[in-house]
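The values are calculated or read from the model by the stated rules, or taken from the named source; none is laboratory data. The shown structure was predicted, so the numbers you read here are calculated from the model rather than taken from an experiment. Every residue, glycine among them, receives a Cβ derived from its backbone with ideal geometry; neighbour counts consider all protein chains shown.
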Amino acid sequence: MTATDPLGIAPAERNAIMPLTRFLPDHPFAERLYRAAEPVWEEGLGQPFLRELADGTLSRERFVFYMLQDYLYLNDYVNVHAIAFAKCDDPKIRQDLAQAIAGASNETDQVHDFFRDRFGITDEQMASARQSAFARSYTSNMIAIAYTKPLIDILVALLPCAWVYADYGTRIAASIGESIETNPYRAWIDMYGTDDFWESAVWLIDDIERLAAGEPEEHLQQLTEQFVVGVEHEYMFWASAYEMQRRWRPEWH
Ligand SMILES: Cc1ncc(CO)c(N)n1
């Protein structure tokens, strides 16, 4: 654990809401994944996009850039679940995936409709948005894994999305307390800082833990590296939205 919390949460309080201690005892593979990604994970929470979102000062332009990218992202994200579903013959995991598809579709509707109404993003803007290089790298990687790899790999590719958002959402909500009342991004924080959203990470963590138990060490190692790449993609999704950077080099418009 890092000594200083990116959002300044006191150690005792933070311990109660950390990803590993909240609902997740006895998940050694999940712990291994988190530990491998921990430096990027913890630094990610302290990056300007999230700090400013938490204190409500994030510019509307940056948020709109993010929202449009996220809208495109979620479509790909749902497709990856659907490919996993088609490859899966475990009834429990099939049910989990079906629920996740419904949840992610609902997430798209709820948050994005709200921000479209509130921030004036038009349907035309949504339809004509171009995916950024960073977002495309993220979803292309997930889609490639979905088409070419076994189920556990696909679930690990999906895990950073659910787990990082659940963790950051919870920690941001805990760090800002009452000031959420006046935060213009309250709907975002309310969406991700809840037990309901946390549940969307927990089923995935449970299913991965179960599947990982039968896997050789070499595969677990690959999955761990793949997980870190996913957390790095999450990081860059926000970093590139903060810079409003669509292409690999900022000067390429
Ligand atoms: C980029 C990204 N990752 C994860 C989530 C959580 O669903 C999201 N909405 N967007």
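Only one entry of Gly177, Gly169 meets the criterion of being in a helix (DSSP H, G or I) and at negative phi, and that entry is Gly169. Restrict the check to the range 156-168 and report whether at least one residue is away from the ligand (no atom under 11 Å from the Cβ), of a type in the set (Phe, Trp, Tyr) and buried (at least 18 other Cβ atoms within 10 Å of the Cβ). No: zero hits. Set side by side, the residues Ala146, Ala241 differ, and just one is buried (at least 17 other Cβ atoms within 10 Å of the Cβ) and more than 11 Å from the ligand (Cβ to nearest atom), which is Ala146. Within the range 87-108, not a single residue is over 26 Å from Asp207 (Cα atoms) and among the acidic types (Asp, Glu). If you take the residues of the range 69-89 that are among the polar types (S, T, N, Q) and surrounded by fewer than 17 Cβ atoms within 10 Å (Cβ to Cβ), which of them is nearest to the ligand (Cβ to nearest atom)? Among residues in the range 69-89 that are among the polar types (S, T, N, Q) and surrounded by fewer than 17 Cβ atoms within 10 Å (Cβ to Cβ), the one nearest to the ligand (Cβ to nearest atom) is Asn75.
Residues are listed down the side, and each one gets a yes or a no for (1) in contact with an Asp or Glu (Cβ under 9 Å, 6 or more places away or on another chain); (2) among the β-branched types (Val, Ile, Thr); (3) free of Cβ contacts under 8 Å to residues at least 60 places away in the same chain:
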| site | (1), (2), (3) |
| --- | --- |
| Ala86 | no, no, yes |
| Asp89 | no, no, yes |
| Ala98 | no, no, yes |
| Glu107 | no, no, no |
| Ile121 | no, yes, yes |
| Ser128 | no, no, yes |
| Phe134 | no, no, no |
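Scanning the range 190-213 for residues that are within 13 Å of the ligand (Cβ to nearest atom) and in contact (Cβ under 8 Å) with a residue 40 or more places away in the chain yields Met191, Trp198, Ser200, Ala201, Leu204.
Of note, Ala98 satisfies the criterion of being touching a helix residue (DSSP H, G or I) at 6+ places or on another chain (Cβ under 8 Å), over 25 Å from Ile176 (Cα atoms) and either aromatic (Phe, Trp, Tyr) or more than 12 Å from the ligand (Cβ to nearest atom) (or both).
Only residues that are surrounded by fewer than 19 Cβ atoms within 10 Å (Cβ to Cβ) and in a helix (DSSP H, G or I) were counted in the range 127-143, giving 8. Within the range 102-126, being surrounded by 16 or more Cβ atoms within 10 Å (Cβ to Cβ) and either modelled with pLDDT of 95 or more or outside any helix (DSSP H, G or I) (or both) holds for one residue alone: Ile121.
Scanning the range 192-221 for residues that are over 20 Å from Ala98 (Cα atoms) and assigned to a helix (DSSP H, G or I) yields a total of 6. Of everything in the range 93-151 that is more than 21 Å from the chain's Cα centre (by Cα) and hydroxyl-bearing (Ser, Thr, Tyr), the residue that is farthest from Leu74 (Cα to Cα) is Thr148. Annotation note: of Ser140, Ser175, the sole residue that is of a type in the set (S, T, N, Q) and within 28 Å of Pro91 (Cα to Cα) is Ser140.
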